[in-house]
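Since the structure comes first, as structure tokens, the remarks are kept for the end.
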Amino acid sequence: MPHPHVIIIGAGLGGLCLAQGLLRQGVDVSVYERDDSLTSRRQGYRIHIDGHGARALARNLPEHLYELFLATSGTPRTSTPVFDHNLGRPAMLEPSGDDVHLAVDRLVLRRILLAGVERVASFGKRYTHFERNADGRVTAYFSDGTAAVGDVLVAADGVNSPVREQYLPQARIVDTGLRQLYGKVPLTAETRGLFLDEMFAVFTPIIGPNRNFVGVAPVRFPEPPAQAAARLAPEVPLPDTQDYMTCTFGARPEFLPCDDDGLRAMSGSELQAMTLEMIEGWHPRVRRIIEHWDTETIFPLVLRTSVPIDPWPATNITLLGDAIHAMSPAGGVGANTALRDAAVLGAALGEVAARGKPVADAVAEYEAAMTGYGFENVRVSARNGQRLLGQDPLPEA
Ligand SMILES: Cc1cc2nc3c(=O)[nH]c(=O)nc-3n(C[C@H](O)[C@H](O)[C@H](O)COP(=O)(O)OP(=O)(O)OC[C@H]3O[C@@H](n4cnc5c(N)ncnc54)[C@H](O)[C@@H]3O)c2cc1C
């Protein structure tokens, strides 16, 4: 198949990175995203990029965009301090052995990933279902009544993936038993002093009674993003984002004063007030950090995980990222795993275009690799979450 057409559902980190890799190899690709733009929905702020993520970006991005990624990535301290709520001497978790630890802003990274992909991406297109055609191709349908036909369909549509629900109905998504509030503390001359030097690490958990916790992680741009873009890739509209600490509060639902709908209905100020009540008696420095939350940025998330499944026969439909292996954030590798998928799948589909490799063979190779490291990361993340944060154990498949 010399000119396969690849349809990607979802313009998140994994879908955009795959599109970059395919365009780089001259493969014909279209991306369909349900949101109207990259800023339609709050998705979190800081992303930790490890060696797998960085190597995938190096492989799939054009050189100048990879340079821009590096120029907008902060370098946090590599060892992780784990404090108790009195901020006693922290236990130090040594680095994973990975050679790369970068802290990036999600929106900055997504804008870099979208550069050059805009011409093949359609926003405001909610995918609904697929049908297999008599000629072996696949038709993807959208909620606006339109459809697209391709040789390969890639689900990069996140944890609630409608592609996965139809294609692999045996794959389950379950509650981790963790709820988190996410927000930012802008890093200014005034707020810098709220944070101990050790807290400028990849991620610093401060764990209190019932394993309720506050977590902080820095995003410090080596150069203002807009300025770096003007220097390296003027076509990328990077926001004028300032340095910040991402700051999260996490708890099991039984310790929270309201249910998930109640959390979603609360304003940023109400979520902040609730958190301050929940950390009554904690070290004054932790309380001051929460008092400095930018209330406009706070939102709640119900954290869920996939449950690993047995292999399935390879076809011309496949999945990447959270669509197949959503995982607890306790491992900090969900995005890195999605980027890794994009590099491995991109290379496999490149072989289809360049050497006429059968699509099912390319997908089989990708899925054998992806289900190995992807489901292992789901298991390791769940164990970390259980040990540190009181996450529920993963159910049996
Ligand atoms: C607050 C937070 C912090 C995190 N921090 C880290 C971190 O530090 N390091 C790390 O490795 N991971 C982190 N993660 C996990 C990481 O964000 C995810 O694993 C990663 O975004 C997965 O990428 P993805 O492309 O698979 O899915 P997503 O990035 O979720 O993208 C899926 C896309 O599909 C679109 N979509 C969904 N349904 C449809 C539809 N029907 N039609 C069309 N489009 C659709 C969505 O709108 C979205 O744009 C964090 C997650 C959260 C929530």
key: ILE309 vs. criteria surrounded by fewer than 16 Cβ atoms within 10 Å (Cβ to Cβ) and of a type in the set (A, V, I, L, M)   = yes
ask   = Does any residue of segment 199-217 turn out to be touching a Gly at 6+ places or on another chain (Cβ under 8 Å), in a helix (DSSP H, G or I) and under 19 Å from LEU178 (Cα atoms)?
value = yes
task = Take segment 319-370 and flag every residue that is among the acidic types (Asp, Glu) and within 16 Å of the ligand (Cβ to nearest atom).
result = ASP322, ASP341, GLU367
task = Give me the pairs, please: first residue somewhere in segment 37-66 and within 12 Å of HIS101 (Cβ to Cβ), second residue anywhere and modelled with pLDDT under 95, beta-carbon distance under 6 Å, and either six or more positions apart or on two chains.
result = HIS48/VAL202; HIS48/GLY332; ASP50/ASP98; ASP50/VAL100; GLY51/ASP98; GLY51/ASP99; GLY51/VAL100; ALA54/VAL100
task = Being crowded, with 24+ Cβ neighbours inside 10 Å, in contact with a strand residue (DSSP E or B) (Cβ under 8 Å, 6 or more places away or on another chain) and under 23 Å from GLU165 (Cα atoms) is the filter here, so list the residues in segment 340-362 that pass it.
result = LEU345
inquiry  = Could you tell me how many of the residues in segment 127-145 are in contact with an Asp or Glu (Cβ under 8 Å, 6 or more places away or on another chain) and either of a type in the set (A, V, I, L, M) or over 18 Å from HIS5 (Cα atoms) (or both)?
reply    = 1
query = Are there any pairs with C-beta distances below 7 angstrom linking a residue in segment 200-223 that is among the charged types (D, E, K, R) to a residue that is assigned to a loop (DSSP other than H, G, I, E, B), with the two at least 6 apart or on different chains, and if so which?
reply = ARG211/GLY390; ARG220/LEU187; ARG220/ASP243
task = Taking the options LEU93, LEU109, name whichever one is buried (at least 19 other Cβ atoms within 10 Å of the Cβ) and either touching a Lys or Arg at 6+ places or on another chain (Cβ under 8 Å) or not polar (S, T, N, Q) (or both).
result = LEU109
ask   = Quick one: would you say PRO225 is over 13 Å from ILE298 (Cβ atoms) and surrounded by fewer than 20 Cβ atoms within 10 Å (Cβ to Cβ)?
value = no
key: Any strands (runs of 3 or more DSSP E) falling wholly within segment 146-195 and containing at least 1 residues that are more than 30 Å from HIS5 (Cα to Cα)   = 173-186
task = Kindly indicate which of VAL344, VAL359, VAL378, VAL307 is β-branched (Val, Ile, Thr), touching a Lys or Arg at 6+ places or on another chain (Cβ under 9 Å) and at negative phi.
result = VAL307
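The values are calculated or read from the model by the stated rules, or taken from the named source; none is laboratory data. None of these values were measured; they are calculated from a predicted model. Heads up, the Cβs are rebuilt from the backbone with ideal geometry, glycines too, and the neighbour counts pull from every protein chain shown.
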